[in-house]
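Step one of this worksheet: look at the structure below.
Computed from the coordinates by the stated procedures, all read-outs in this text should not be read as laboratory data. Quick caveat, the model's predicted, so the values are computed rather than measured. All Cβ positions, even for glycine, are placed from backbone atoms using ideal geometry, and neighbour counts span all protein chains on display.
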Amino acid sequence: MFQNRSSHDPAVLHPIPGQDDPEFALVVQLLAFKTPFEHPTHLHHNLNSRLIIVNHSGPQTLTRTLLEQHEEAFLAPYAQRSGLSLGRQFPEALHPHRTEFQRDRERVVHCPSFRRLEYKTQVFLNGTGDYYRTRLTHSIEVASVCRSIARTLRLNEDLSEAISLAHDLGHPPFGHSGEATLNELMADHGGFDHNKQSVRVVELLEQRYPYFPGLNLTFEVLEGLRKHQHPTPSTHRRSPSLEAQLADLADDITYCAHDVDDGLQSALISEEELNELALWRDAKAMARDRYPGLPSERLETTTVRTLIDLQIERLIHDCSLAIAERGIESVQDVHSQPFDQPVIRFAPAHALQLSELRSFLYANLYFSKQVDSVNQRAVKQIRDLFEFYLLHPQAIGRQARQAIQHRGIHRAVCDYIAGMTDRYVTLEWQRRLGTA
């Protein structure tokens, strides 16, 4: 069970008094929007004004409770509040200056699995070129897109960012080819899926804390990492949070846009081919309208960037309509939605355009002969190491060896290889199999 929590700090919110009033301890200008704030209960002035946050009992610092009050005042009524989290599997004392979701985000950023993403393939093998994305830069870009949309929809940015940064922690070396290889090798032992592996990483495989395995993240972040899985029955939720839904779709938006960029840079795809796709044509038209007279080479790079801008604008519009049309006014309303009908999704015409781009990338980039032939040579190293470790379990790391008794040797070896970087697989392959 997850630990529920509620707490109260001696902090209150006040409208702005005279600037020279010495009674007030801390002034924070929180937000400055151009439109009136329409929250029904918490504030009665618009966001062009400021708030004074007052803490009468301590030093002039921003406490967790003040941050939670900020959330209560400014988030939409259907956004997740960190102060109302369902908690963590292993109870912990609350942090004095960070919300629960901020704490989760920082646990992800500081864990070794996150650092290793720097040397894991996105599309092109790590080391192929300094320009191309890695799993780490991809995760950072997803988090950036997610925050932009969450902020505009008044969702919880910290929660959406934590999910985004953690979503690929379980990705194995050598990208999709590496995942397919591990899944094949594990066919008789539960298979392998990088989404499920990300949950294993944060619940079990990371060993950073003295009293529990994993990172002990909040229920809400774990819910967001369990892509395509129904929420835990005991929570009586039919559908995950809007922040979780957003992180999932932001992943699609981001990788399609930046993989187009990398594909053009590598010359494996061309602008002439992209011109056949409606989403590319719409982005190019938007780029031309914004920057008339651009030379062709600048128009191409600007169109790549506009791919993300266009989809962000569309998603904000489409989701705002969906929220209104479904009458969603609370977190409970979100969780009562059908699982297979997410609120955070594109309108059908926009979804079709993204699907067409995704299909194009799979056919012409991810599984192109040029990329796939290189990847197949690389994943042979995974196969060889997998078989070697089964025969020589003493060769795997200490933590993985200790897990054999509880998880079985196949799962222990799989976890060990999935955590490797591209270059470590190659080095280990050369060392263990004597091949230069």
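Here are some notes:
- Take the Cβ atoms of SER270 and ILE316, set R0 to 30 Å, and the FRET efficiency comes out at 0.45.
- Taking θ as phi - 60° and the Karplus parameters 6.51, -1.76 and 1.60, the scalar couplings of the range 348-362 work out to x, 5, 6, 5, 4, 5, 5, 4, 5, 5, 4, 4, 4, 5, 5 Hz in sequence order, x denoting glycine and proline.
- Reachable lysines, given that their alpha-carbon falls under 30 Å from the alpha-carbon of LYS369 and they are not under 8 places away in the same chain: LYS120, LYS196, LYS227, LYS284, LYS380
- Coupling constants for the range 297-309 follow from the phi torsions by the Karplus curve (6.51 cos²θ - 1.76 cosθ + 1.60, θ = phi - 60°), and in residue order they are 5, 6, 5, 4, 5, 5, 5, 4, 5, 5, 3, 6, 4 Hz; glycine and proline get x.
- Cβ crowding within 10 Å, taken as a proxy for footprinting-reagent exposure, orders ILE323, ILE404 from fewest neighbours to most as ILE404, ILE323.
- Vicinal HN-Hα couplings computed from phi for the range 333-339 (Karplus, 6.51 cos²θ - 1.76 cosθ + 1.60; Hz; Gly/Pro x): 4, 4, 6, 8, 6, x, 4
- Computed FRET value (nearest 0.05) for ASN183 with LEU427, which takes r as the C-beta separation and R₀ as 41 Å: 0.95
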